[in-house]
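These notes are about the structure you will find just below.
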Amino acid sequence: MDTFTPTFATHVPPQDVVGKQGVCARQFRSVMTELCTALRSALDDERVTAEDSLRRAAEILQEIGGTPTVAKEPVRGGLSPWQVRKVASYVDANLDRSIKNEDLAGLVRLNASHFGRAFRNSFGEPPHEYVIRRRVERAQGLMLSTDASLSEIALDCGLADQSHLTRLFRRIVGESPRAWRRARLSAPGDVQ
């Protein structure tokens, strides 16, 4: 039997995602995470339920403005499109390691202070916050797709330990990683 593993798309800066009603990337990502969870559950049970979930998700996305589109012009005072792609790719590829602002600045051939301002203009948040958010998002994906312990997931995401993951996760997501994982992996009617 095929199992569904959620994947997260390459990051599109929040100000580059637009819809008829201005749906931001964070809301869209949240909807997609929930959709992946629903599909995973449905695929474990039966294909008809999964198809119904997909149909409902398509209707919801049409109601909130359809498919997001990427702005064609770079943000004034921000990074150029190639720099955005290079930084986002580097961060995603190195989440399990230490990522310093100086390294990111050197990657796109800017000095550290100019890079910080340009990054914030392009991504809508400072580099450090972006890296933390991407680590938490990777942790969410691993929690849904693997049976690894939270301490293993924390290390795989470049965090010091499980308590570090818990603090950051609670700050960004609003609940503990254990509660978040349990709520999304338990099927309706299961007793834990």
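Please state, as a whole number in µm²/s, the translational diffusion coefficient that the Stokes-Einstein equation yields for segment 75-176 at 20 °C and 1.002 mPa s, with Rh defined as the Kirkwood radius across alpha carbon pairs. The Stokes-Einstein estimate is 151 µm²/s. Listed from fewest to most Cβ neighbours within 10 Å, the set 147, 103 follows the order 147, 103. Ordering 166, 146 from the fewest to the most neighbouring beta carbons within 10 Å gives 146, 166.
Among the trypsin sites (Lys or Arg not before Pro) found in segment 78-107, those both in a DSSP coil and sparsely packed, with 10 or fewer other Cβ atoms within 10 Å of their Cβ, are 97. Whole-Hz Karplus values for segment 151-161 come out as 5, 5, 5, 4, 5, 5, 9, x, 9, 5, 6 Hz, taken residue by residue from phi with 6.51 cos²θ - 1.76 cosθ + 1.60 and θ = phi - 60°; glycine and proline positions read x.
Here, each number is a calculation from the coordinates, and none is a lab measurement. Computed from a predicted model, the values in this text were never measured in an experiment. Note that each Cβ is placed from the backbone with ideal geometry, even for glycine, and that neighbours are counted across all protein chains shown.
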